[in-house]
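Just below is one structure, and these are the notes that go with it.
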Amino acid sequence: MSLLRRLLGDRTPADFAGSLSPGEDVVDSAPVEGGGYLVVTQLGLWIPAEGGVRRVGWHLVGKAAWADSVFTLTESAEVGEAGAAVVLADLPPVRFRLAVPGKVPREVHRRVEGSIRSRHRQEIGCGGAWFVQRKVPGQDGSVLQVRPDPGTDAELVAAIAEQAAAKLVNPVE
């Protein structure tokens, strides 16, 4: 059956433990040394996780890097809201050793960049923040995300993000 699936264009690894959403197709995958796979779909990157696998939506990939056979993923967590904007914080990076990466690093880069509509760095006091407008996979429109640097005044960043998001929703005001 696996050969037939591959002939028909299905790139899902035979022993992939994830449950794809209806219409979610595998673009490429790479086996992770130690078990599991990195699996690229149009909705996100499936990664090995404690107790199985989970999908990280493209809009929540803060950083992804490929060097020396190691794929490093920094996922962003939604930690708050500022009006229509979403406040993010980076989670600790996770590393996956890939002996045969295939097109996974290239596809991840392409899809993360493709989710970004605009980005702006704003210096704020002794720190700063990134303001990024991103497409959320499987949804219409985009969302304004703000990722403040550690130590930056979170209340000030949230106030700026709230104003910016309001202007994006109602540009004539």
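Laboratory data are not the source of any read-out in this text; all were calculated from the coordinates shown. Nothing here was measured: the structure is a model prediction, and the numbers come from that model. Backbone-built Cβ (ideal geometry, glycine too); neighbour counts: all protein chains shown.
Structure summary
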{"read-out": "Unique residue being touching a helix residue (DSSP H, G or I) at 6+ places or on another chain (Cβ under 7 Å), more than 20 Å from GLN139 (Cβ to Cβ) and surrounded by 13 or more Cβ atoms within 10 Å (Cβ to Cβ) when the list is LEU91, LEU38", "value": "LEU38"}
{"read-out": "Residue, nearest to the chain's Cα centre (by Cα), within the stretch 94-109, restricted to residues that are farther than 18 Å from VAL53 by Cβ and surrounded by fewer than 15 Cβ atoms within 10 Å (Cβ to Cβ)", "value": "HIS109"}
{"read-out": "VAL86 closer than 25 Å to GLN42 by Cβ, of a type in the set (Val, Ile, Thr) and touching an Asp or Glu at 6+ places or on another chain (Cβ under 7 Å)", "value": "yes"}
{"read-out": "Condition met for GLN122 (touching a Ser or Thr at 6+ places or on another chain (Cβ under 6 Å), more than 24 Å from ILE47 (Cβ to Cβ) and not hydrophobic (A, V, I, L, M, F, W, C))", "value": "no"}
{"read-out": "Residue list for the stretch 120-173, filter: assigned to a loop (DSSP other than H, G, I, E, B) and either touching a Lys or Arg at 6+ places or on another chain (Cβ under 7 Å) or crowded, with 17+ Cβ neighbours inside 10 Å (or both)", "value": "VAL136, PRO137, THR152, GLU173"}
